[in-house]
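Engineer: Encoded as structure tokens, here's the structure I'll be asking about.
None of the figures in this text is laboratory data; all of them are computed from the coordinates on show. Please read all numbers here as calculations on a predicted model, not as lab measurements. All Cβ positions, even for glycine, are placed from backbone atoms using ideal geometry, and neighbour counts span all protein chains on display.
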Amino acid sequence: MRGEIKSLTGLRIVAAVWVVLFHFRPLLRDAMPGFRDALAPVLNCGAQGVDLFFMLSGFVLTWNYLDRMGESWSTRATLHFLWLRLARVWPVYLVTLHLAALWVIFTLHVGHVPWQDFSGFNAISYVRQVLLVQLWFQPFFDGSSWDGPAWSISAEWLAYLLFGVLVLVIFRLANATRARSLLWLAVAASLPPVVLLLVTGQFYTPWSWLPRIVMQFTAGALVAAAVSRLRPSDRGRRAAGYASLLLIAAVVGLLYLFDAHPLHGVTDTAGLVDVLFVPLVMTLAIGTGSLPAALSVRPLVFGGQVSFCVYMVHELVHTAWIWTAEQFQLDLLGSDGKWIVLGLLAIIFALSSALYLIVEEPARRWMRRMVGDGRRRAEPEAEVHPSSGKLQSIDGAHEGRVTPRSARAG
């Protein structure tokens, strides 16, 4: 029986915070230089949190839709799936898009420091933004979206459009291939961005966003297919939990190692840690123990639920502070700087929680009801509790219900 894997939900807020702190590095450098320098190898590669998001997205969608959409093509089911995906991301996306536009208008008429570049704010760009296709027309994601992080949502929308075909392939692979082989295929699928990095020496190259979204999303889908076929014992689940902890340590250790000893000719060596995301997601999905349990606690699960809002809001808060600092000649030096940065982070999480409760969830339910998929009171869904293997009730899995399917051990 499929259901929410809470440790992966908790992992989402970790990825979101990683991205937030990546963008906040200049502020941390001024306000908390010791903290920033100590964590520099981790903070400097926070962009890899987006790749982790892509992989988690592929996993979650395949985990929930493999049986419903994988057996045979259905135009109706595919369109229904796409509408439900819009219901998940579009409301918050549209709100932050228009907040970004309002912010530009505000800076045009208030103060003496207008915001940086307005050339991308035009009618054609607006239509592309609303339709989630703005990234598809340019090789670099910088400047593609009015709300900076929204480029990845445009990339995700491409993955959603491809999912109807991808799930057909994954379904057949899952029924013809052992779980071990599916995991190796997932590793192979995650490698093209890494190979491109080794060839070019940079992670950010023309059209590099395309293999990132397509291959990491596919890798996550293959991991989900593999996990659906695994039937680990309690001992195996404990071993997976220990392995997930070791993998986190390996990711952090490699980031420090690559920072101290970068590969010759490769400027973004830290991007190589992406190859560890496949085993990390797999071990967290099936594992028990300290790390899966820690990521499954209620505050982190709620953080994972609001992580999309955190991701979409944080750069608006960041740029608002930059403009305010320039306008009033403020700085973050001294003890007050720490409190300002902590206050900005608190504002991000407060706004994100409000956006989740006031916009994301109500709008999602409303859009689901439009296609007859809104339930006045959602029936409890079932989750396989890792420590016992028993079905336990959870409140509202995110992507809907799927039918049980026999899982064959790989």
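Engineer: Rank the residues 314, 112, 23, 261 as a footprinting-exposure proxy: fewest other Cβ atoms within 10 Å of their Cβ go first. Write down the numbers at each step before the final one.
Structural biologist: Numbers: 314 27, 112 6, 23 18, 261 9.
With the fewest neighbours first, 314, 112, 23, 261 line up as 112, 261, 23, 314.
Engineer: Whole-Hz ³J(HN,Hα) for each residue in the range 322-327, computed from phi via Karplus 6.51 cos²θ - 1.76 cosθ + 1.60 with θ = phi - 60°, x for glycine and proline: what do you get?
Structural biologist: 4, 5, 5, 5, 5, 5
Engineer: Could you grab the relative contact order for the range 164-249? Cα pairs under 8 Å, six or more apart, rounded to a whole percent. Walk me through the intermediate numbers first.
Structural biologist: Details: 55 pairs, mean separation 33.7, N = 86.
The normalised contact order for the range 164-249 reaches 39 percent.
Engineer: So what is the relative contact order for the range 201-327, in percent, with contacts set as C-alpha pairs under 8 Å and at least six apart?
Structural biologist: Numbers: 76 pairs, mean separation 42.8, N = 127.
Contact order relative to length: 34 percent.
Engineer: While we're on this one: Would you kindly derive the ³J(HN,Hα) couplings of the range 243-256 from the backbone phi angles with the Karplus curve 6.51 cos²θ - 1.76 cosθ + 1.60 (θ = phi - 60°), listing them in order in whole Hz, with x for Gly and Pro?
Structural biologist: Coupling constants for the range 243-256: 5, 4, 5, 5, 5, 4, 4, 5, 4, 5, x, 5, 4, 5 Hz.
Engineer: Let me ask you something else. If you place +1 on the Cβ of every Lys and Arg, -1 on the Cβ of every Asp and Glu, and leave all else neutral, what size is the dipole of the chain about its Cα centre, to the nearest 20 Debye? Mind showing how you got there, number by number?
Structural biologist: Numbers: 33 positive and 26 negative charges, 393 e Å.
So the dipole magnitude of the chain works out to roughly 1880 debye.
Engineer: Under the Karplus relation 6.51 cos²θ - 1.76 cosθ + 1.60, θ = phi - 60°, what is the ordered set of whole-Hz ³J(HN,Hα) values for the range 4-21, x standing for Gly and Pro?
Structural biologist: Residue by residue, the range 4-21 yields 5, 9, 5, 5, 6, 4, x, 5, 4, 6, 4, 4, 5, 5, 4, 5, 4, 5 Hz.
Engineer: Tell me which of 112, 11, 33 sits at the most positive position along the dipole axis of the chain, charges placed on C-beta atoms (Lys, Arg +1; Asp, Glu -1).
Structural biologist: 11
Engineer: Would the range 1-132 count as rounded, prolate or oblate if I go by the C-alpha gyration tensor, calling it rounded below 1.5 in a/c and otherwise prolate when a/b exceeds b/c, oblate otherwise?
Structural biologist: Details: a/c = 3.28, a/b = 1.31, b/c = 2.50.
It comes out oblate by the Cα gyration axes.
Engineer: Using Cα pairs under 8 angstrom and six or more residues apart, how large is the relative contact order of the chain, in percent?
Structural biologist: Details: 580 pairs, mean separation 128.8, N = 410.
Once divided by the residue count of the chain, the mean separation gives 31 percent.
Engineer: Output the 0 to 90 degree angle, nearest 10, between the alpha-carbon long axis of helix 361-370 and the longest principal axis computed from the alpha carbons of the chain.
Structural biologist: Result, in degrees: 60.
Engineer: How far is helix 151-176 tilted, in degrees, relative to the longest principal axis of the Cα atoms in the chain, given as a value from 0 to 90 rounded to the nearest 10?
Structural biologist: 10 degrees
Engineer: Rounded to the nearest 500, what is the chain's calculated 222 nm mean residue ellipticity when only DSSP H runs of at least 4 contribute -39500 (n - 2.57) each, over all residues?
Structural biologist: Helix contribution divided over all residues of the chain: -22000 deg cm²/dmol.
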